[in-house]
Structure formats: C-alpha cells, structure tokens
1. Quick one: grab Rg to one decimal and Dmax as a whole number for region 43-102, Cα atoms only, in Å.
2. Using the Karplus curve 6.51 cos²θ - 1.76 cosθ + 1.60 with θ = phi - 60°, work out ³J(HN,Hα) for each residue of region 87-93 in order, rounded to whole Hz, and write x for Gly and Pro.
3. Please work out how much length the chain gains when fully extended from residue 115 to residue 164, using 0.36 nm per residue of separation minus the C-alpha to C-alpha distance, in nm with one decimal.
4. Structure shown: which of 55/218; 79/228; 150/218; 66/169; 55/202; 5/66 lie over 29 Å apart, alpha-carbon to alpha-carbon?
5. Taking the full set of protein chains and a 1.4 angstrom probe, give the accessible area of residue 140 in square angstrom, rounded to the nearest 10.
6. Net charge near residue 173, counting Lys/Arg +1 and Asp/Glu -1 over other residues with Cβ under 10 Å of its Cβ?
7. Protein chains only, probe 1.4 Å: how do 46, 115 rank by accessible area, largest first?
8. For the chain, modelled as a Gaussian network with Cα springs under 10 Å, which listed residue fluctuates most, 163, 23, 135?
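The values are calculated or read from the model by the stated rules, or taken from the named source; none is laboratory data. This is a predicted model, so every value here is computed, not measured. Please note: Cβ atoms are built from the backbone with ideal geometry, for glycine as well, and neighbour counts cover all protein chains shown. What goes into the accessible areas is simple: the full protein's heavy atoms, side chains included, and nothing from ligands, DNA or RNA. Shrake-Rupley method; radii C 1.70, N 1.55, O 1.52, S 1.80 Å.
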Amino acid sequence: MRLNKFISSTGLCSRREADKLIKQNKVKVNGKIPTIGYTVKSEDIVEVDGKVLEKKKDFVYIALNKPVGITCTTERHIKGNIIDFVNYPERIFPIGRLDKDSEGLILLTNDGNVVNEILREENNHKKEYIVTVDKKITPSFINGMANGVKIYNPVRNEYTITKKCEVIKLNNRTFKIILSQGLNRQIRRMCAKFNYRVVRLKRIRIMNITLKDLPVGKWRYLTEEELKDIGRE
C-alpha cells in the first residue's frame, strides 16, 4: 500500500494532506524519513510527528431480523444469546436491545463509536414497530399512547412521561408506533397502562434502515446508503 493511502486509511487526513506531511519530513517509516510514493508493508511502523499510526479497523455493520426467543446479550453463557445465534466470525455486539419476546430489526457491529450516534436520545432517531394486542383497539387507546404515558423508569428510579409519538391503527388489534426514545420494554409498559397486553411486537425500522425482505432469523450487511445515514460511509 502506498504510504499516503496508508496514512489516509487511519483517518488522520486525506491522501493529498498526507503527501504534504511526507514532503515536510513529518513522517517516518521504521524510524527513517521516506520519499513520496513509498510502499508500506504490513510489518512497517509508520509515525507522524512522533505518533505511531495504526490502520483503521475494518468495521462491520449488520442488520438482523431477530426471531422471538433470542436474547440481545454478548454473554455467551446465556442460552439463546444473539452472538451465538448470528455466529459471525469476528467479535460483534448488538446496538441497543430488542426484548427476548419481541422480533424484528436489530443492528450489530464491531464499531463502538457508532453506538452513541444511534442510541443517543437527543438525536431523536426514529424506530418503527408493528404491535398486536389482546383486545380491540379504541380511539382513546390510540390517543393516549400517542400523547405520552406515565411509566416507571428503572434506570432513573422514577416515573417518567414518554415522549409524544405517532400511533396509527392498522386493524382491530394491530397498530403501528414510531418512537424517538427507547426505554426498557417501553411499548409493553405503555400498553399495560391502558390494560392492553402485547401479543406480538415487531420492529421494522431504525432510522432509514428497514428489514426490506429479510426473512426472520437472517441477517445482511448494511448498504452504502444506510451507512451514509449513520455517518459511516
């Protein structure tokens, strides 16, 4: 690999800027000042202003259509954990959670920096769900769910009112809900406040990432367009 490309691949700067650093004798390879066009080998040690550079890790971004019964944990001793289920050859971890009793879209990666971008509440990233409940849906239920529900927040050890959200009735027992926050078992607990029990809960979208035609239990890599939306392309 050309030296300027290697420097660029670490995220330090562009290739053009890397060439400038080389010309300014700010770059060393194995302790020696190289020339423009130098080819870097895998064992070479590259320094810029005395700091050793490491090639940026090849990150993986996966969308999984999680089936019911799989637990979103990296703890391998837990039966039915998501890591063993996906069985990816490299170390990855789920971004956020999807309850064991729920199904649908969940993302997995080895890029720790992307987690906050997706999960940070103030970013207001939307997540879309299809929910089936145990009895007939009423207009008051839809209105109540959409306008904020007082539920207990175990993380803060206090009651909180959920953010207003979009709720659309699909049939007598099924509705679509779009949230911009992700409290623990939020939809199930919101429904329980109105004496409804969730029979089926499926997440179908996170930001612009959807299941598309992905079968239950299968996974795919994110597309270039999807990576752009999470700032990774």
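1. Radius of gyration, then largest Cα-Cα span, for region 43-102: 17.3, 53 Å.
2. In residue order, the calculated couplings are 6, 6, x, 10, 6, 9, 8 Hz.
3. Computed gain between residue 115 and residue 164 is 15.3 nm.
4. Pairs exceeding 29 Å: 55/218; 79/228; 150/218; 55/202; 5/66.
5. For residue 140, the solvent-accessible surface is approximately 80 Å².
6. Numbers: positive: 135, 136, 169, 200; negative: 134.
Summing Lys/Arg as +1 and Asp/Glu as -1 gives +3.
7. Working: 46 0, 115 30 Å².
Reading off the accessible areas and sorting them downward yields 115, 46.
8. Of 163, 23, 135, the Gaussian network model singles out 23 as fluctuating most.
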